[in-house]
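**Student:** Sending over a structure as structure tokens; questions will come in a sec.
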């Protein structure tokens, strides 16, 4: 394996007395798609958010494209505000709740960061944004405001907004969890096509089937550590008992959900 | 009322000039109050406790004391420590600082209405906190607070009548000088009231035009 794109070592984070990350280490090579699964409260989202320092860890080391950070507050390598901005400009992030800016059109949402941060000429930013919007099938909506779009459309625009900065790494934080079931598919299809294009991606997800089919590696978080890690195969044949239980619970929930739904429909008929 | 047009010819230009004074004071005061209000609202969210406390003190003091006393403090009080201001400037500063405290509370309310995710998505793209505030958060806050900020501007406009007490020749003081020589308070105060009504109505129209312009975002 060539030099990894992203290196994290011994990342620790607490909120008050609650230690959420208990020394997590990870290396990600360019082009890898890493899925992170785990129960809520296992620390997986906090871990993802510490990669672009939306949550600044209390300690730990990080390397990414020539940036080296040591998160101990007294360290000389503690990131400066300018370094944090430089990191975030190269790491795209998509959130569960889309977070599009409601006072800007779709096109403005996508061009705002390249114009302001990359100092890209307006015409070029617009051209590139229109190309991105065509790719995600929302070119026609470029002059609409976010409130006029469905959840799935908004989330695709949020992905385009992050891609407009030409990131080396994309972080997806449960990006389909807030969507109605029928809108999940269009977002997953877009993410799969990004993965196929070789985008390096880390995603926190509850979509086990997606993690199995698209990712090159799967991490299972439990109680603030990576409890099991491996190829997507571990989702079929989990080694640890905790992962077995987690998968069983998820599968069981799905079945129970499907049963209650179909019986509900049966009662109506 | 027989010679209405004659009277209009005599007093009209004076009223017009006084109205311009009111208009000028109001515009400048609104500018000062927005600066004070914005600074105070942002200061209340500062990481430094001293800054938060200073902003808190400002709002507490202004809202807890009469506007007239604040005007007197600036115009009659400050010369005692060597700061002498002309009536117009003292009036703008006093009313601006006064209204700023109310604007600060309005802005604070607007800021809390913006979801945390709006800031996070901007930071995640590499925007600095200042740029995030200026280009993402404040434009949204402005839309939310527009109706309350209009009310505040109307209060400011009406408060300019207080400046008659520090010899600013605005509508009220001008009317008083006329009344002193004509002994016709009823007509002249009615005239002042009508002009104020006209001005506040114009302000309301401008605000609702702005609101409509920004309302159709979805």
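**Student:** For region A:38-58, enumerate the residues that are out of contact with any helix residue (DSSP H, G or I) (no Cβ under 7 Å at 6 or more places or on another chain) and closer than 30 Å to residue A:251 by Cβ.
**Tutor:** Passing the criteria: A:40, A:41, A:42, A:43, A:44, A:45, A:46, A:47, A:48, A:49, A:50, A:51.
**Student:** Looking only at region A:73-86, count every residue that is assigned to a loop (DSSP other than H, G, I, E, B) and surrounded by 15 or more Cβ atoms within 10 Å (Cβ to Cβ) and tell me the total.
**Tutor:** Taking region A:73-86 first, the residues assigned to a loop (DSSP other than H, G, I, E, B) are A:73-80.
Okay, now just the ones that are also surrounded by 15 or more Cβ atoms within 10 Å (Cβ to Cβ), so A:79.
Matching residues across region A:73-86 total 1.
**Student:** Please state which of the following conditions residue A:86 fails to meet, knowing it meets all the rest: (1) within 25 Å of residue A:6 (Cβ to Cβ); (2) within 12 Å of chain B (Cβ to nearest Cβ); (3) in contact (Cβ under 8 Å) with a residue 40 or more places away in the chain.
**Tutor:** The one condition residue A:86 does not meet is (3).
**Student:** Mind checking which residues of region A:104-117 are over 20 Å from residue A:90 (Cβ atoms) and either part of a loop (DSSP other than H, G, I, E, B) or free of Cβ contacts under 8 Å to residues at least 12 places away in the same chain (or both)?
**Tutor:** Of all residues in region A:104-117, those over 20 Å from residue A:90 (Cβ atoms) come to A:104-108.
A:104, A:105, A:108, listed by residue number.
**Student:** Go through region A:108-127 residue by residue and tally those that are in contact with a helix residue (DSSP H, G or I) (Cβ under 7 Å, 6 or more places away or on another chain) and more than 14 Å from every other protein chain (Cβ to nearest Cβ).
**Tutor:** Summing the residues that are in contact with a helix residue (DSSP H, G or I) (Cβ under 7 Å, 6 or more places away or on another chain) and more than 14 Å from every other protein chain (Cβ to nearest Cβ) in region A:108-127 gives 2.
**Student:** If you go through region A:118-159, how many residues are in a helix (DSSP H, G or I), surrounded by 13 or more Cβ atoms within 10 Å (Cβ to Cβ) and touching a residue at least 40 places away in the same chain (Cβ under 8 Å)?
**Tutor:** Residues flagged as in a helix (DSSP H, G or I), surrounded by 13 or more Cβ atoms within 10 Å (Cβ to Cβ) and touching a residue at least 40 places away in the same chain (Cβ under 8 Å) within region A:118-159 amount to 7.
**Student:** Here is a list: A:156, A:212, A:135, A:161. Which entry is within 14 Å of chain B (Cβ to nearest Cβ) and within 21 Å of the chain's Cα centre (by Cα)? Reasoning before the result, please.
**Tutor:** Details: A:156 fails: within 14 Å of chain B (Cβ to nearest Cβ); A:212 fails: within 14 Å of chain B (Cβ to nearest Cβ); A:135 fails: within 14 Å of chain B (Cβ to nearest Cβ).
Exactly one of A:156, A:212, A:135, A:161 is within 14 Å of chain B (Cβ to nearest Cβ) and within 21 Å of the chain's Cα centre (by Cα), namely A:161.
**Student:** For residue B:187, indicate whether it is touching a residue at least 60 places away in the same chain (Cβ under 8 Å) and more than 30 Å from residue A:154 (Cα to Cα).
**Tutor:** Values: touching a residue at least 60 places away in the same chain (Cβ under 8 Å): no; more than 30 Å from residue A:154 (Cα to Cα): yes.
Here the answer is no, as residue B:187 does not meet what is asked.
**Student:** How many residues are more than 14 Å from chain A (Cβ to nearest Cβ) and either touching a residue at least 24 places away in the same chain (Cβ under 8 Å) or over 22 Å from residue B:101 (Cβ atoms) (or both) if we restrict to region B:120-160? Explain how you work it out, then say what you get.
**Tutor:** So the first thing to find is which residues in region B:120-160 are more than 14 Å from chain A (Cβ to nearest Cβ), and the list is B:147-160.
Then keep just the ones that are either touching a residue at least 24 places away in the same chain (Cβ under 8 Å) or over 22 Å from residue B:101 (Cβ atoms) (or both); that gives B:147-150, B:152-160.
Of the residues in region B:120-160, 13 are more than 14 Å from chain A (Cβ to nearest Cβ) and either touching a residue at least 24 places away in the same chain (Cβ under 8 Å) or over 22 Å from residue B:101 (Cβ atoms) (or both).
Values in this text are rule-based calculations from the coordinates and carry no lab data. No experiment lies behind these values; they were computed from the predicted model shown. As a convention, Cβ positions derive from the backbone with ideal geometry for all residues, glycine included, and neighbour counts pool all protein chains shown.
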